[in-house]
Amino acid sequence: GRSIHQIQSGQVIVDLCSVVKELVENSLDAHATSIDVRFKNHGLDSIEVQDNGEGINPDNYETVALKHYTSKLSSYEDLSSLQTFGFRGEALSSLCALSSFHVRTAQEKDGSKGTRLDFETSGKLRATSVIASQKGTTVAVEDIFRNLPVRRKELEKNVKREYGKVLNLLHAYACISTGVRFIVSNQMIKNKKVTVFSTKMNSTTKENIANIYGAKTLPALIPLDLTLELEPSNAPIQGARSWRMQSDTDSREVQVVGHISRPVFGEGRQTPDRQMFFVNSRPCALPQVTKAFNEVYKSFNVSQSPFIFANLELDTNAYDVNVSPDKRTILLHDQTTLLENIKTSLTRLFESHDQ
Ligand code: ADP
Ligand code: MG
């Protein structure tokens, strides 16, 4: 029969996007400046994420893949300020339960010696071996969902679409992570490895956009820089966990920063239909905000949909990310006011660029 661990793991890692999101966030948490994502057979055979981050401390080899183990949560303060992407300690343990999984890691800067870690499906460390390795960590996930046959079949059937969603997610991480070089590749069976896209270290978000979507995208864009004032509010966030505290000193200002298509651009020229939203630099699905942006754009240009790269910078007390195990659901405070303000400011921005 299926173990409870397997069932719970299947709720943390629901698809290829969850695998990639968890691994890339771990690499960013480890302060990597270079992240190499390698797919085999669009991720069906394997997904490897290699970083040049801090590596795993040998003291933690036994525990890293145990359920609820995390090295990131040292105090309540950390929990409420959400400085790191992860803190649930569920990703590695879930991947052990759902795939053929191993880790290669090294902490020494100049040494070429590292350690390979192999685990039981429970997350218990099974074996370590000495390997050659640069500083950093590589996490390898093979045959994802191999022991959940129905989900595996679904994934095989929809792999093209799933892989497309994964690339969109990686585009978002690569665009916003200006201090990180991303390189993403795929290798089909019996073929050569193909680089899908790459960005450079220490580039601007504009340069990242040019690298990913092509330099021809840039003339179509105008800077997005909105400041929205929200009413101070002490109302609890609907559905939020009780540990979310409110304080009178919370800043109620929201900045929306990024790039967006001009309302009218050239004759018959199409801007790419790409839309990325972030909350404090984390890629997020924000359906209501997305809708508001598109509605305003449509009132200026009915024939195209805009390119949107929008980072909402707001006080960490003004939202709650950790309401769902896969951390995709975001609850925003004062959403109604926020949406109204976005529409007003965006209309003003487009009017000033409308010739
Ligand atoms: P969480 O990210 O919530 O702590 P994970 O299951 O994703 O939980 O990871 C467990 C632990 O493994 C992390 O807390 C960290 O100590 C270690 N770890 C995972 N990935 C990396 C990485 N790429 N570099 C360094 N340490 C890592
Ligand atoms: Mg994590």
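Less than 5 angstrom separates the built amide H of residue 196 from those of 184, 185, 186, all sequence-distant by 5 or more or on a different chain. A simple rule links phi to the HN-Hα coupling: the Karplus curve 6.51 cos²θ - 1.76 cosθ + 1.60 with θ = phi - 60°, which for region 44-50 gives 5, 7, 7, 10, 10, 10, 10 Hz, with x for Gly and Pro.
Which value in Å is the Kirkwood Rh of region 4-198 over different Cα pairs? List each step's numbers first, then the result.
Details: mean 1/r = 0.0587 Å⁻¹.
It is 17.0 Å.
Put simply, the amide H of residue 126, placed in the peptide plane, has neighbours under 5 Å in 118, 119, 120, leaving out anything fewer than 5 places away on its chain.
Couplings 3J(HN,Hα) of region 217-224, computed from phi: 5, 4, x, 7, 9, 10, x, 9 Hz, in residue order, whole Hz [Karplus 6.51 cos²θ - 1.76 cosθ + 1.60, θ = phi - 60°; x for Gly and Pro]. Cβ-Cβ distance of residue 68 and residue 14, R₀ of 22 Å, FRET efficiency by 1/(1 + (r/R0)^6): the value works out to about 0.70. Available extension along the chain between residue 126 and residue 227 is 31.1 nm, counting 0.36 nm per residue and deducting the alpha carbon span. In the structure shown, do any of 21/200; 160/291; 157/206; 67/190; 160/193 have a Cα-Cα gap over 29 Å, and if so which? Distance filter (> 29 Å) returns 157/206; 67/190.
If you keep only loop residues by DSSP, which trypsin sites (Lys or Arg not before Pro) in region 99-138 have at most 16 other Cβ atoms within 10 Å of their Cβ?
109, 124
The numbers here are math on the coordinates, done by the rules we state, and not lab data. Just so it is clear, the model here is predicted, and its values are computed rather than measured. Note that we place each Cβ from the backbone using ideal geometry, even for glycine, and neighbour counts take in every protein chain shown.
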